[in-house]
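Read through the structure below, which is laid out as structure tokens, and then see the notes.
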């Protein structure tokens, strides 16, 4: 391939200058976790600031904090910072988040996306959903999907280095697999594939001699 662009600046400018951008009232949200070491927020800030400068787009609202709360029982907390430009361009950070914002800061990510999707005047409006942290339900300690295509998976690592895993896929072509690795390098596995051509396999590797 031949590299045509060193960054996305020209592409973004073409989008913003497109007749469809105004016709369809497109909006742009550029967001980063402020501790993201993959796509750091300073790089995206420079990126957006250079674009709006080149296109003579004015600043609508200076950089300020936006807030969220887990529920009505909590006070507002700083969720990050946001700066707004003309042409419906928002530059936003999420405080304390790394590269995966919805995973690192779920309540803040939900509020940010809902306010953007619904084109609300700011990102401070609460979702109305109680996002107070709660213990993980037992069903989610392992992976399990049912109804139509069933699937279950579990794994366990012990302090002595032993390991156990199990996988089961059903519906149409069934599959079952389990494996156990012990700290002394002994190994046991079991497989079974059904549905039309049945398959069964079992392996047992004893302790490895020195």
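The values are calculated or read from the model by the stated rules, or taken from the named source; none is laboratory data. Here the structure is a predicted model, which is why all the values come from computation and not from measurement. When we count neighbours, we look across all protein chains shown, and the Cβ atoms used for this are built from the backbone with ideal geometry, even at glycine.
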In region 48-67, how many residues are in a helix (DSSP H, G or I) and within 14 Å of residue 31 (Cα to Cα)? 2
Exception for residue 33 within (1) touching a strand residue (DSSP E or B) at 6+ places or on another chain (Cβ under 6 Å); (2) within 23 Å of residue 58 (Cβ to Cβ) falls at (2)
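For region 1-21, how many residues are farther than 18 Å from residue 54 by Cβ and not in a loop (DSSP other than H, G, I, E, B)? Write out each step before concluding.
So the first thing to find is which residues in region 1-21 are farther than 18 Å from residue 54 by Cβ, and the list is 1-4, 19-20.
So of that shortlist, the ones also not in a loop (DSSP other than H, G, I, E, B) come out as 19-20.
Total meeting the criteria: 2.
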Would you confirm whether or not region 75-84 contains a residue that is loosely packed, with under 12 Cβ neighbours inside 10 Å and either modelled with pLDDT under 95 or within 23 Å of residue 102 (Cβ to Cβ) (or both)? yes
Residues of region 35-47 being in a loop (DSSP other than H, G, I, E, B) and buried (at least 16 other Cβ atoms within 10 Å of the Cβ), in sequence order, are 36
